[in-house]
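Following: one structure in structure tokens, then a few remarks.
The values are calculated or read from the model by the stated rules, or taken from the named source; none is laboratory data. Everything numeric here is computed off the predicted structure, so don't read it as measured data. Cβ placement follows ideal geometry from the backbone for every residue including glycine, while neighbour counts extend to all protein chains displayed.
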Amino acid sequence: MTLMARMRWGTVVVLAGAAVLYAGDKKDKPKPATSQVVDSGSFGVFVKGQRVVTETFSVRQDNGVSIVKSQLKETGGSASSGQKSELEMTGSAEVVRYEWSDGSGSLVVTPNNDFLLEKIMTAGSSKPAEQSFLMPSTAAILDNNVFVHRQVLAWRYLATNCHTDNGTQKCQQGPLDFAVLVPQERTSMTVRLELVGVEKVTIRGAERELLRLNLKGEAFSWTLWVDEKDQFKLMRVVIADDNTEVVRD
């Protein structure tokens with residue numbers, strides 16, 4: 001069984017970046033006229049210590065719209081056989097459009113009044129299937145295997161829970177609940193993020209001090225670590241129940 005089939009939800013933006021991604025609705029700050037890269041790179045996905053997938057991603061802001069792209073490539077496979085996705089959001093974290101494809105099918109999510117409307121196209125079908133979700137456009141997109149979506153959610157949490165006091169970033173340790181949509185599963189749910197604090201974590205043989213956050217849902221529990229010294233970028237994810245670790249390359 002490939003990682004794409006195995007890693008599911010049931011098993012399952014940097015304060016500076018968050019300020020860029022989520023300040024677009026403030027009237028006293030003009031929207032940028034040019035594209036700005038907030039983050040880019042790749043995550044290695046390891047199951048029982050073996051690398052099985054690489055996710056290449058980018059996060060940028062273009063004229064007030066944040067664009068999050070991801071491409072997954074299985075180890076030993078071609079890039080064209082992997083998953084691709086693109087998420088567009090406003091500065092107030094409202095979904096503008098989400099697209100996903102894997103070579104055999106595709107889907108699109110867009111707001112429709114008080115709903116999020118998902119259209120699913122499968123190979124050989126002439127007309128897309130449709131499914132509506134009674135969710136606000138500010139619901140977070142957390143699709144299967146797309147770890148940059150978890151980073152964006154962590155930034156959103158930190159932007160809400162952290163502030164600057166005399167030049168020092170201070171964060172409140174408390175949980176926040178988020179309504180999320182998992183498009184590939186065609187399901188919605190509520191997840192909870194909570195800041196635990198600073199921990200020493202070993203990544204590729206080097207010990208680092210990172211901020212730990214716990215991401216939990218009804219049927220899963222993930223641990224995330226972000227680097228407060230490097231724009232709160234997501235550095236590591238552990239999914240203990242699946243013997244899975246995700247590390248920034």
* Which is under 17 Å from residue 118 (Cα atoms) and not polar (S, T, N, Q), of 69, 84? -> 84
* Considering residues of the stretch 76-116 that are in contact with a helix residue (DSSP H, G or I) (Cβ under 9 Å, 6 or more places away or on another chain) and exposed (fewer than 15 other Cβ atoms within 10 Å of the Cβ) only, the residue nearest to residue 188 (Cα to Cα) -> 92
* Tell me which of these residue 143 doesn't satisfy, since it passes every other one: (1) surrounded by fewer than 19 Cβ atoms within 10 Å (Cβ to Cβ); (2) within 22 Å of residue 68 (Cβ to Cβ); (3) in contact with a helix residue (DSSP H, G or I) (Cβ under 8 Å, 6 or more places away or on another chain). => (1)
* What do you reckon, is residue 61 surrounded by 14 or more Cβ atoms within 10 Å (Cβ to Cβ) and closer than 17 Å to residue 107 by Cα? -> no
* What's the number of the condition residue 192 fails, among (1) crowded, with 16+ Cβ neighbours inside 10 Å; (2) under 15 Å from the mean Cα position of the chain (by Cα); (3) in a strand (DSSP E or B)? -> (1)
* Selected residue [assigned to a strand (DSSP E or B) and within 14 Å of the chain's Cα centre (by Cα)] from 215, 211 -> 215
* Within the stretch 218-242, restricting attention to residues that are of a type in the set (D, E, K, R) and in a loop (DSSP other than H, G, I, E, B), which residue is farthest from residue 134 (Cα to Cα)? -> 229
* Asked: Is it the case that residue 10 is in a loop (DSSP other than H, G, I, E, B), modelled with pLDDT under 50, small (Gly, Ala, Ser) and closer than 25 Å to residue 225 by Cβ?
  -> yes
